[in-house]
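The values are calculated or read from the model by the stated rules, or taken from the named source; none is laboratory data. Values in this document were obtained by computation on a predicted structure and should not be read as measured data. Heads up, the Cβs are rebuilt from the backbone with ideal geometry, glycines too, and the neighbour counts pull from every protein chain shown. What goes into the accessible areas is simple: the full protein's heavy atoms, side chains included, and nothing from ligands, DNA or RNA. Shrake-Rupley method; radii C 1.70, N 1.55, O 1.52, S 1.80 Å.
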Amino acid sequence: MSQSFDEISAQLRRRHRKSARLKWVSMGALGLAGLFLVLFFADMLVKGLPAFQQTQIQVQVDYSERAAELPLAAVQEDVRPLVSRGYLRLIPGRMEDNPELLGTKRMEWVLADAEVDQYLKGHYTRLHDKEKAVVDELKAEGRAELRFNTTFFTSGDSKMPELAGIASAAMGTVMTLLVTLAVAFPIGVMTAVYLEEFAPDNRFTQLIEININNLAAIPSILFGLLGLAIFINFFGVPRSSPLVGGLTLALMTLPVIIIATRTALRSVPDAIRHAAFGVGCSRWQVVRDHVLPLALPGIMTGSIIGLAQAMGETAPLIIVGMVAFIPDVTASFSDAATVLPAQIFTWAGEPERAFIEKTSGGILVLLAVLITLNATAVVLRKKFERRW
C-alpha cells in the first residue's frame, strides 16, 4: 500500500529529529570528555607546579670540629629544626673535602625542611608556633624564599621529601626503554615482514596472526607474570634491573610493533612490487629496496607509539620488582633500578603531605615526555607519509 506525501514527510521529520538528537548527544559526550580532560590537567598543574620550587633559607653555618662530629651543631639552635637533615648530614663530608672550611663561619643558602616548604606554600604543616614565627622573621628579612627546585631533577629517591627527585627514575626509564627498543623493534619488524611478504596463507600462519592480535589486547600485568616466570625464575636475569624490565616491556610492545608494521607494509601499493619483479628483482630485493623504505614512516610511527605505551606501564614492572628504593642513578643494565611510573606509584603511597606535590610533579614530567613522543610520531607520519 503506497504511503501518502504527508506520511512520508512525517517519517522524514522524525528521522531528522533523531539525527539531530544523536548529533547533540555525541557533541555533549565529546564536550564532557573534554571537560574532564581540562579538569585533570588543571588539577595536575595546581598540585604539580609547586614541586618545581623548593624553599631555601639563609643561615650561618659554623664549620667547627664539633660540627664535624655533630652536624646539628653547625647551625644555630633557633633555625636548627628548619634546616633539612639531609643538608646537615653533608657538612662533615664537605669539611673533609675542603679542609680550609674548618674553623670558619659562613652565611649560606641551605635547603629548608619539607615542613617549612609547605608552610611557605600555604599548606598544612606540623611546625610549632615558635618555628612559624622564626620562618616569618626570616621571610621578612629576605632570608627565606622559594627557588627553582634543581634537586627534583638531579637527585634520586629519598625518604625526606625535600631531597626526593626523579634523576634515578629517569635514567632507569631510559635504560629500560633502550632494552625494549633493541629487542622489540628488530624482532617485531622481521616478524611482520615475514608474515606479510613471505609466509604462505595457511592455518599455521593464521593461528600466529590470531595470537598476535590477542596478545595486543591482554592486560599488561600478565606480561609481568610472564617476565617473572621466564626471565627471572628460568633465565636468572637480575631482579629489578633495567634488563629484565626492558625484556618484559619488549614482550608487551612486540604485538603493537608487528601490527603497525604489517599495516605499513600493506599500505605500499602492489604496483611497486610488480614493477620491481618486472625488472628482475628477487622477493628479498623487492622487500629490502622498495617496500621497506616506503613503509618506514608507518613503522617508525607505530614503534614510537608502542614505546610511549610501554613507558607509561607500571603493573608489569611492579611484578618484576622495579619499585625498589633507588637513591643513586643506576650505572649498569644489571643493577637495581626504578622507572618514572613506579616512582610516582611509590610517592603516592608516602604519608607526608610534601610527597603529594612530588607525585603530581612526576606525573607532569611523565605526561610531557609521553605527549612529546606521540607528537613526534604524528610529525614523522605527516612529514614522510606518501599518498598513493
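Tabulated results
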| quantity | calculated |
| --- | --- |
| Residues located in region 255-275, provided they are among the aliphatic types (A, V, I, L, M), open to solvent by less than 30 Å² (accessible area, probe 1.4 Å) and part of a helix (DSSP H, G or I) | 257, 258, 260, 264, 265 |
| Pair list, Cβ under 7 Å, 6 or more apart: region 128-153 residue more than 30 Å from residue 340 (Cα to Cα), other residue hydroxyl-bearing (Ser, Thr, Tyr) and open to solvent by less than 70 Å² (accessible area, probe 1.4 Å) | 132/119; 135/119; 144/55 |
| Leading residue by the ranking (least open to solvent (accessible area, probe 1.4 Å)) among those in region 125-174 that are farther than 26 Å from residue 325 by Cβ, of a type outside the set (Lys, Arg) and part of a loop (DSSP other than H, G, I, E, B) | 127 |
| Selection status of residue 191, in contact with a helix residue (DSSP H, G or I) (Cβ under 6 Å, 6 or more places away or on another chain) and either in contact (Cβ under 8 Å) with a residue 60 or more places away in the chain or in a helix (DSSP H, G or I) (or both) | yes |
| Pair list, Cβ under 6 Å, 6 or more apart: region 341-357 residue open to solvent by 70 Å² or more (accessible area, probe 1.4 Å), other residue modelled with pLDDT under 90 | 345/314 |
| Odd one out for residue 107, checked against (1) in a helix (DSSP H, G or I); (2) open to solvent by 90 Å² or more (accessible area, probe 1.4 Å); (3) more than 30 Å from residue 356 (Cβ to Cβ) | (1) |
| Residue satisfying all of: in region 33-83; under 22 Å from residue 360 (Cβ atoms) and polar (S, T, N, Q); most open to solvent (accessible area, probe 1.4 Å) among these | 53 |
| Condition met for residue 379 (assigned to a helix (DSSP H, G or I) and either farther than 26 Å from residue 45 by Cβ or open to solvent by 30 Å² or more (accessible area, probe 1.4 Å) (or both)) | yes |
| Residues that are of a type in the set (Val, Ile, Thr) and surrounded by fewer than 13 Cβ atoms within 10 Å (Cβ to Cβ), drawn from region 175-211 | 210 |
| Residue among 322, 252, 311 that is buried (at least 18 other Cβ atoms within 10 Å of the Cβ), in contact with a strand residue (DSSP E or B) (Cβ under 9 Å, 6 or more places away or on another chain) and under 21 Å from residue 182 (Cβ atoms) | 322 |
| Number of the condition not met by residue 244 [criteria: (1) assigned to a loop (DSSP other than H, G, I, E, B); (2) open to solvent by less than 20 Å² (accessible area, probe 1.4 Å); (3) under 30 Å from residue 157 (Cα atoms)] | (1) |
| Pairs with Cβ under 9 Å, 6+ apart, first in region 19-35 and touching a residue at least 12 places away in the same chain (Cβ under 8 Å), second part of a helix (DSSP H, G or I) and of a type in the set (Asp, Glu) | none |
| Residue within region 196-205 that is in a helix (DSSP H, G or I) and of a type in the set (Asp, Glu) present | yes |
| Exclusive hit being touching a Pro at 6+ places or on another chain (Cβ under 8 Å) and among the charged types (D, E, K, R), set 136, 113, 78 | 113 |
| Any chance residue 218 is in a helix (DSSP H, G or I), at pLDDT below 90, out of contact with any Lys or Arg (no Cβ under 7 Å at 6 or more places or on another chain) and β-branched (Val, Ile, Thr) | no |
| Meets criteria (touching a strand residue (DSSP E or B) at 6+ places or on another chain (Cβ under 7 Å) and surrounded by 13 or more Cβ atoms within 10 Å (Cβ to Cβ)) for residue 117 | yes |
| Members of region 1-32 found to be among the β-branched types (Val, Ile, Thr) and open to solvent by less than 80 Å² (accessible area, probe 1.4 Å), listed by number | 8 |
| Matching residues, region 71-104, being within 40 Å of the chain's Cα centre (by Cα) and part of a loop (DSSP other than H, G, I, E, B) | 75, 79, 84, 90, 98 |
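Per-residue answers, yes or no, for (1) of a type in the set (Asp, Glu); (2) assigned to a helix (DSSP H, G or I):
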site	(1), (2)
277	no, yes
303	no, yes
309	no, yes
313	yes, no
330	no, no
334	no, no
